[in-house]
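All remarks here apply to the structure that follows.
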Amino acid sequence: MTTSDFRGAEELHDQRIVEDLLTESGMDHPVHAGQLKPALMHVRRIAHGQQPTPRGEFAALLASLNTGPTTAPGTGTVSSLENRRGIRHARLVIAATALCLTAGAGAVAAAVNPDIRDTVTTLVDTLTSAPNDRLPGIPEPVDTPAPAVPVPGQPALPGKAVPGGAPVTPPAVSDQQRGEPVPGPQTNLGLHGSPATEHRAAPVIPRAGVPAQPPELPTTSTPPRHTGAIPEPPPTAHGNGTYK
Amino acid sequence: MTEGTGLAQADPDALFIEAYRVYSPGVCGYLRTRGVEDPESVTQDVFLALYPRLGDLRGGPAGLRTLIFTIAHARAVDSQRSRVRTPASIEYDPARDPRLTESAEDEALDTMADGLALLESLPDDYREVLALRVIAELSLESTARIMNKSQGAIKQLQRRALGRLKEARQETKDQGKS
């Protein structure tokens, strides 16, 4: 059947529909039919529009009907779409699991490799270290734990018990009185020179049980200037051997 | 099943596909005459609703046609009700859109434009009865059932509709002469 034959059959079919309607309504008189027939043929052409392009759920239904068996009509459900959703859900779960396993394997490999571990350690140290707010050339103070025994020069309260030892009394003679250099921070009162010239050595906090190193001796022949430490007056000895 | 339409299908799935091929243009045109905003999409909704009911189909091809247009009529009524509830929107006029070019769909709409214009000039019930009789090719009995009226009432209604259509054509001719 050619296209023109199809068009001719369609046209005849349409004319029959219109004529039947006119006859049924009693308007098949040529006077009425002459005006109504062309109008009704225009209305009839509305039925010959294009077939709508399947979209969305309906397209999926048609595709499933074309590709494979589905639930028989009359059951009230279209199982093929549910199956497709289930397959898609399973694919998503598998993909997520594979992604998690890949990430875990990568983390283990990074932990085993010493190069990566060193790099990470360096990075963490860099990020977690304190900001460098000191002047260049000044060494950082040595971090010392709290002394278990009293530090020389720091008098403990008389009679106070030191953990793990007998009550300690202050020494009878200080180190300064013996003519030995006193380790510890030096106080600059600004009497001699600028502060920059007066700070010749960084203060060193002695460790417990470790003898503090004596300060460096001047290498020049000129007598050393006063370092700013104010000598305390010698304690007055009383008859009973105690000091006040 | 239907002479000239190739609907003699024993397989329900094949029958459904063939029914869509044969009836979907008419359903879409019918929905368009009823003022449905997206007739293509609603047409597919009609056939989605048809598919589970194919097992209960009775009456052969005439029963299938009646069932399809019964669903389409119900969807058109739903669309009209929802349109009343929603705020009015300005209709898109493709003729004023410079970005568009002529397409096959435009040409198809041009061929139906005269018919749509004729039906739009009629009251709603006149338009409904003519659409069901001429576009959907439904019998008097099926039309009466869908519109929930007696056959006599439908006969009277379509007679009045044709009379009103004739007057509209005459008015159009008179305006063209003047």
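Yes or no, residue by residue, for (1) farther than 27 Å from B:Y23 by Cβ; (2) modelled with pLDDT of 90 or more:
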position: B:A95; (1), (2): yes, no
position: B:A104; (1), (2): no, no
position: B:D110; (1), (2): no, no
position: B:L130; (1), (2): no, yes
position: B:I146; (1), (2): no, yes
position: B:Q175; (1), (2): yes, no
- Message: Looking at A:R45, A:R84, A:R55, A:R7 in this structure, which one is of a type in the set (D, E, K, R) and either touching a Gly at 6+ places or on another chain (Cβ under 8 Å) or at pLDDT 90 or above (or both)?
- Response: A:R45
- Does the range B:46-89 hold any residues that are of a type outside the set (S, T, N, Q) and not in a helix (DSSP H, G or I), and which are they? B:L57, B:R58, B:G59, B:P87, B:A88
- Hits in the range B:146-165 - residues which are surrounded by fewer than 17 Cβ atoms within 10 Å (Cβ to Cβ) and either of a type in the set (S, T, N, Q) or part of a helix (DSSP H, G or I) (or both): B:N148, B:S150, B:Q151, B:G152, B:A153, B:Q156, B:R159, B:R160, B:G163, B:R164
- Query: Among the residues of the range A:23-44, how many are facing chain B (nearest Cβ under 7 Å) and touching a residue at least 12 places away in the same chain (Cβ under 8 Å)?
  - Reply: 3
- Message: Could you go through the range B:50-57 and let me know if any residue there is open to solvent by less than 10 Å² (accessible area, probe 1.4 Å) and either of a type in the set (A, V, I, L, M, F, W, C) or at the interface with chain A (Cβ under 9 Å from one of its Cβ atoms) (or both).
- Response: yes
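The values are calculated or read from the model by the stated rules, or taken from the named source; none is laboratory data. Just so it is clear, the model here is predicted, and its values are computed rather than measured. For neighbour counting, all protein chains shown are included, and Cβ atoms are generated from backbone atoms with ideal geometry for every residue, glycine included. Just so you know, the surface numbers come from the protein's heavy atoms only, side chains and all, with ligands and any DNA or RNA stripped out. Shrake-Rupley method; radii C 1.70, N 1.55, O 1.52, S 1.80 Å.
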